[in-house]
Amino acid sequence: MSQTTSQFWNWFKQHQDKLTQINNPNSNENDQEELLDSILEQLHLFCDKLYFDLGGLHGESQEFVITAEGDVDYFDKVEELIEAAPDLKGWSFIAFMPARGLGDTTVFEDVELKPFEMWFLPLDNKNKPKSLGFRICLPNYELVKNSKWLKAAVYKVLDTALGEKVFAMDIDYIEIKELPHGDLEAQGLLELKDLSAFVKWKRKKLAAL
């Protein structure tokens with residue numbers, strides 16, 4: 001069984017009063033879980049590769065984000081659903097997880113990263129001059145280099161820093177290495193906190209080629 005965008009949003013409108021209570025700290029936890037499960041069930045009737053995120057404080061405007069979790073094959077389904085979203089008071093409907101900046105610490109399975117201590121080196125590809133690649137340098141690389149979760153943990157940091165669509169569509173290559181010794185800026189490295197601004201500048205520059 002599948003449903004159209006209209007059917008999904010009709011269901012959403014019919015249940016919006018209950019959905020606004022999900023972030024209510026006084027709501028029953030089991031009721032909240034049931035509502036979250038219901039949303040996902042309805043969303044998967046439209047496309048089972050899509051997921052969602054709910055944000056906002058209770059009593060304030062709520063954000064409902066539709067994500068394909070970086071899978072570009074389903075970006076069109078995200079856009080299709082959000083383009084059909086209704087105009088509902090107290091709700092903002094957003095396509096793709098937005099950039100949320102860097103957190104002090106990111107933990108993914110057995111990997112712990114401190115984004116504000118991470119640096120990046122822009123990489124050039126002579127065969128693909130318009131591609132955008134980076135070497136991500138970690139101060140604790142030796143401690144985490146053998147973890148099977150390292151790549152996923154770094155990708156999580158980058159996805160949060162850049163936003164789902166930018167990370168998936170604009171970044172062509174990532175490698176992960178140890179943070180070198182010495183003068184980092186003299187070696188061409190930049191602090192990870194500046195990655196978002198660098199990507200915007202670089203993409204604008206590459207577009208002019």
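The values are calculated or read from the model by the stated rules, or taken from the named source; none is laboratory data. Note that the structure is a prediction, hence the values are computed from the model and not measured. Because the Cβ atoms are built from the backbone with ideal geometry, glycine has one as well, and the counts that use them run over all protein chains shown. These area figures cover heavy atoms from the full protein model, side chains too; ligands, DNA and RNA do not enter into them. Shrake-Rupley method; radii C 1.70, N 1.55, O 1.52, S 1.80 Å.
Data for the structure
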| read-out | value |
| --- | --- |
| Debye log10 I(q)/I(0) for region 60-150, one point scatterer per Cα, at q = 0.10, 0.12, 0.18 Å⁻¹ | -0.47, -0.66, -1.02 |
| Centroid-to-centroid separation of region 97-140 and region 3-44 [C-alpha atoms, Å] | 34 |
| Under-5 Å amide H pairs with residue 119, H placed in peptide plane, nonlocal only | 137, 192 |
| Per-residue ³J(HN,Hα) for region 204-209, Karplus 6.51 cos²θ - 1.76 cosθ + 1.60, θ = phi - 60°, Hz, x for Gly and Pro | 5, 5, 5, 5, 7, 6 |
| Diffusion coefficient, µm² s⁻¹, Stokes-Einstein with Kirkwood Rh over alpha-carbon pairs of region 28-77 at 4 °C and 1.567 mPa s | 107 |
| Neighbourhood net charge (14 Å Cβ-Cβ; Lys/Arg +1, Asp/Glu -1) for residue 124 | +4 |
| Under Karplus coefficients 6.51, -1.76 and 1.60, residue-wise ³J(HN,Hα) of region 162-167 in Hz, glycine/proline x | 9, x, 4, 6, 4, 4 |
| Amide proton proximity set for residue 108, modelled H, under 5 Å, gap of 5+ | 113 |
| Fraction of beta bridges assigned by DSSP in the chain that are antiparallel (%, nearest 5) | 60 |
| Descending semi-axes in Å of region 72-209, equivalent ellipsoid built from Cα gyration tensor | 29, 20, 14 |
| Anisotropy class of region 1-159 from Cα gyration tensor, a/c 1.5 cut | prolate |
| Relative contact order (percent, whole number), the chain, Cα cutoff 8 Å, 6+ residue spacing | 18 |
| Backbone HN-Hα couplings from phi across region 174-183 [Karplus 6.51/-1.76/1.60, Hz, Gly and Pro as x] | 9, 10, 10, 9, 6, 5, x, 8, x, 6 |
| Per residue solvent-accessible surface (Å²) - the chain, probe of 1.4 Å | 59 |
| Net charge contributed by nearby residues that have their C-beta within less than 14 Å of residue 83 (K/R +1, D/E -1) | -3 |
| Apportionment of accessible area to carbon and sulfur, the chain, percent (1.4 Å) | 47 |
| Other-chain or far-sequence residues with amide H under 5 Å of residue 3's (modelled H) | 46 |
